[in-house]
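Engineer: Sharing a structure below in structure tokens format, with a few things to ask.
We did not get these values from a lab; they are worked out from the coordinates using the rules stated. Given the structure is predicted, the values throughout are model-derived calculations rather than measurements. Here the Cβ positions follow ideal geometry from the backbone for every residue, glycine too, while neighbour counts run over all protein chains shown.
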Amino acid sequence: MTNHKNGKRYSDNFHRMVVGLYRSGQSVRDLSREYGVSDLTIYTWIKKVSPMELEDGISVTPEGYAELQKQMLKLYNRRMKY
């Protein structure tokens, strides 16, 4: 298997692949052994891409939610300048 690291970080495609394998039924322990990634790191990736339900029934990943917060802050700061 090829090296999936970019410097010290794993690529987003590698994250998605490992999480996909987890969702298809493989255990975190097996994935950790096979790909040389710690259990904790895999659990972090799973949490990062797992959707959360908002009050209005819409789901968003924690990463997507953080991005929305950044965009709202930018809009708020622009408005405050005027």
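Engineer: Positive end of the charge dipole of the chain (Lys, Arg +1 and Asp, Glu -1 on Cβ, about the Cα centre): tell me which of Tyr43, Leu73, Tyr10 has its Cα farthest that way.
Structural biologist: The residue sitting farthest along the positive end of the dipole is Leu73.
Engineer: Right, something else. For the chain, what are the DSSP H helices with axial Cα length of 27 Å or more and mean Kyte-Doolittle hydropathy of at least 1.6?
Structural biologist: Taking the DSSP H segments of the chain (at least 27 Å long, mean hydropathy at least 1.6), we get none.
Engineer: Which of the following values of Cα extents along the principal axes in Å was calculated from the structure shown: (i) 44, 19, 14; (ii) 55, 34, 17; (iii) 26, 23, 17?
Structural biologist: Given (i) 44, 19, 14; (ii) 55, 34, 17; (iii) 26, 23, 17, the structure-derived one carries the label (ii).
Engineer: Same structure, new question: Ranked highest first by the average count of other Cβ atoms within 10 Å around their residues, in what order do 39-47, 64-72 fall?
Structural biologist: 39-47, 64-72
Engineer: Once the piece of chain linking Asp56 and Arg29 is laid out straight, how much longer is it, given 0.36 nm per residue of separation minus the C-alpha distance between them?
Structural biologist: Contour length minus the Cα-Cα distance gives 6.2 nm.
Engineer: Using helices alone, I'd like the mean residue ellipticity at 222 nm for the chain: each DSSP H run of four-plus residues gives -39500 (n - 2.57), total over residue count, nearest 500.
Structural biologist: Calculated mean residue ellipticity at 222 nm is -19500 deg cm²/dmol.
Engineer: Sequence-distant or interchain residues sharing an amide H contact under 5 Å with Thr61, placed H: which?
Structural biologist: When sequence neighbours closer than 5 places are left aside, the close amide H contacts are Met52.
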